[in-house]
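Taking it in order: structure first as structure tokens, then the write-up.
Nothing in this text is a laboratory measurement; each read-out follows from the coordinates by a stated rule. Since the model is a prediction, treat every value here as computed from it, not as a measurement. Cβ: placed from backbone, ideal geometry, glycine included. Neighbour counts: every protein chain shown.
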Amino acid sequence: MELERYAKQMSEKTGLVPPRPTASAYEQAEAQTAAAANSAAAAGTTPAPAPAKRSADTAAASAAAKKPGELFSAAIKQQLGVVFGRMTRPVTLVLELDDTPLSTELQGFIGEMVALSNGKLNSVAVDAAGVITAEDGSSAPTSLTVGEPLAVTLPDGAELPVYGSLDDSGRAQFDVSGVLPSARPVVRMCVPAENSDAGTLLFTGSAFHGVPSGHEFNSFVLGLYNAAGPGQPLDDDLKARAEAIDTPIDVMILVSLTCTMCPETVLAAQRIASLNPNVRAEAYDVAHFPELKDQYGAMSVPCIVINHPGGEQKVEFGKKSVPQMLTLLGA
């Protein structure tokens with residue numbers, strides 16, 4: 001309950017919501033759909049959005065590029081400063097991009113956050129070949145070099161693939177039936193690996209596929225705080241349950257930027273991931289990855305896909321708190 005109250009109070013106090021432009025026909029249609037979803041709200045879900053149009057992504061990317069430094073209001077900037085000031089270590093945001101306008105929008109969005117973070121955030125962008133194309137932020141590891149391959153490790157020491165392939169339109173291809181599909185663009189929260197002199201990046205297990213704006217902005221900011229430490233307060237018994245998970249679990253959360261039920265679910269899963277390296281929790285904006293919506297029959301969001309070792313898979317729907325998410329994970 002402490003986590004839920006913290007997220008609710010921060011949302012009401014800071015207003016950390018919709019920096020993404022809302023003038024496009026797609027955004028207006030999605031907002032109208034969400035406004036009419038009273039019956040779904042009773043079930044803790046929101047109707048899944050229609051697929052986003054490339055023209056809407058282009059407009060959003062162009063609007064952000066025309067107004068550098070104006071993506072966030074003064075109030076949001078002030079509250080972001082408070083969160084960044086409490087972070088105990090820098091976080092590197094790895095941006096795996098393709099050649100779509102959505103990738104351009106994500107890079108601009110993260111660039112603004114890095115500029116406001118007072119050194120607590122830095123970013124590195126990689127193309128489909130896994131090669132670094134750009135880096136940003138004063139705290140970026142010195143080992144990162146534009147034009148060189150990027151290495152990101154998982155807690156078990158294995159290397160996380162940061163490469164892929166593009167179709168003829170420049171959109172990243174991915175296996176919709178795979179565990180945590182490598183859909184691009186994606187922003188991954190990474191930290192410096194312990195006992196590493198080479199500046200190796202360690203993936204924290206938390207990622208967002210798409211642009212974490214709209215209602216997902218709050219959960220993304222709090223996810224950064226949890227990845228950097230000290231993280232949001234959590235009851236000792238819940239923390240113990242999270243830390244006791246001793247087998248790998250992959251959690252995919254299908255969301256919509258206008259879904260009011262989704263942020264708490266994403267935040268719960270990623271808070272658990274921040275406490276246990278056996279858990280990965282990645283969110284996907286189904287407006288941009290409708291293949292996943294079709295794969296899992298997700299007529300509403302949040303849709304939670306839990307993959308256990310041995311191929312066991314569970315699909316659940318509805319808003320979930322940390323205790324409820326732990327129960328879903330079998331903890």
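Largest first and in whole Å, give the semi-axes of region 131-188's equivalent ellipsoid, each being the square root of 5 times a Cα gyration tensor eigenvalue.
Working: eigenvalues 108, 55, 19 Å².
Those come to 23, 17, 10 Å.
Given 0.36 nm per residue, what is the gain on full extension from A158 to V191 after removing their alpha carbon distance, in nm? Kindly include the intermediate steps, with their values, before the conclusion.
Working: separation 33, 0.36 × 33 = 11.88 nm, distance 1.55 nm.
Value of the extension gain: 10.3 nm.
Using each residue's phi in region 104-116, evaluate 6.51 cos²θ - 1.76 cosθ + 1.60 at θ = phi - 60° and report the 3J(HN,Hα) Karplus result to the nearest Hz, with x for Gly and Pro.
Going residue by residue, I get 4, 5, 4, 5, x, 4, 5, x, 5, 5, 4, 5, 8 Hz, with x marking Gly and Pro.
Which shape class, rounded, prolate or oblate, goes with region 175-277 when its Cα gyration tensor gives a ≥ b ≥ c as root eigenvalues, a/c under 1.5 marks rounded, and past that a/b bigger than b/c marks prolate? List each step's numbers first, then the result.
Details: a/c = 1.43, a/b = 1.16, b/c = 1.23.
The shape class here is rounded.
Taking R0 as 22 Å, what's the FRET efficiency between V315 and D167 from their Cβ-Cβ distance, rounded to 0.05? If you can, show how the numbers build up before the last one.
Working: r = 27 Å, r/R0 = 1.23.
The calculated FRET efficiency here is 0.20.
Tabulate in residue order the Karplus-calculated ³J(HN,Hα) for region 165-170, using 6.51 cos²θ - 1.76 cosθ + 1.60 with θ = phi - 60°, rounded to whole Hz; enter x for Gly and Pro.
9, 10, 8, 5, 8, x
Can you give the Kirkwood hydrodynamic radius of region 141-232 from its Cα pairs, in Å with one decimal? Intermediate values should be presented prior to the final figure.
Numbers: mean 1/r = 0.0666 Å⁻¹.
Every distinct Cα pair counted, the radius reaches 15.0 Å.
Between E291 and R89, 0.36 nm times their residue separation minus their Cα-Cα distance comes to what? The partial results should precede the final answer.
On the way: separation 202, 0.36 × 202 = 72.72 nm, distance 3.64 nm.
Contour length minus Cα-Cα distance gives 69.1 nm.
For H288, list long-range residues whose amide hydrogen, built 1.01 Å from N in the peptide plane, is under 5 Å from its own amide hydrogen.
HN-HN under 5 Å from H288: A52.
If packing is taken as the average number of other Cβ atoms within 10 Å across a peptide's residues, how do 263-271, 139-147, 278-286 rank, most packed first? Before the final figure, lay out the partial values.
Numbers: 263-271: 29.1, 139-147: 13.4, 278-286: 25.8.
Most protected by this proxy first, the peptides run 263-271, 278-286, 139-147.
Between E148 and D235, what is the label-point separation in nm under the 7 Å Cα-to-beta-carbon projection?
Simple spin-label model gives 4.8 nm for this pair.
So if the hydrodynamic radius of region 284-331 is defined as the Kirkwood radius over C-alpha pairs, what does Stokes-Einstein give as its diffusion coefficient at 25 °C and 0.890 mPa s, in µm² per second? Kindly include the intermediate steps, with their values, before the conclusion.
On the way: Rh = 11.7 Å.
The diffusion coefficient I find is 209 µm²/s.
Can you bin every Cα-Cα distance in region 244-331 into 10 Å intervals starting at zero and give me the percent of pairs per bin, rounded to whole numbers?
P(r) over region 244-331, rounded to whole percents: 18, 54, 26, 2.
Under 1.5 on a/c is rounded, so check that first for region 63-167, then, if it is not, pick prolate when a/b is larger than b/c and oblate when it is not; a ≥ b ≥ c are the square roots of the alpha carbon gyration tensor eigenvalues.
Values: a/c = 2.31, a/b = 1.33, b/c = 1.74.
Note, shape of region 63-167 comes out oblate.
About the Cα centre of region 178-243, how large is the charge dipole given +1 on each Lys and Arg Cβ and -1 on each Asp and Glu Cβ? Please answer in debye to the nearest 20. Provide the component values of the computation, followed by the final result.
Numbers: 4 positive and 7 negative charges, 70 e Å.
Dipole magnitude for region 178-243 comes out near 340 debye.
Using mean Cβ contacts within 10 Å as the protection proxy, how do 92-100, 161-169 order, highest first?
Numbers: 92-100: 22.7, 161-169: 13.1.
For the peptides 92-100, 161-169, the packing ranking is 92-100, 161-169.
Highest mean first, how do 80-86, 222-228 rank when packing is the count of other Cβ atoms within 10 Å averaged over residues?
Values: 80-86: 15.6, 222-228: 24.6.
Packing order, densest peptide first, comes out as 222-228, 80-86.
Between T327 and A134, 0.36 nm times their residue separation minus their Cα-Cα distance comes to what?
On the way: separation 193, 0.36 × 193 = 69.48 nm, distance 4.07 nm.
Net length gain for the segment: 65.4 nm.
Kindly write out, for region 275-287 in residue order, the coupling ³J(HN,Hα) from the Karplus curve 6.51 cos²θ - 1.76 cosθ + 1.60 (θ = phi - 60°), rounded to whole Hz, with x marking Gly and Pro.
So the Karplus estimates, Gly and Pro as x, are 9, 9, x, 6, 10, 10, 9, 10, 9, 10, 7, 5, 5 Hz.
Using modelled amide H (1.01 Å from N, peptide plane; none on Pro or chain starts), what sits under 5 Å from the amide H of C303, excluding residues fewer than 5 places away?
Answer set, sorted by chain and number: L254.
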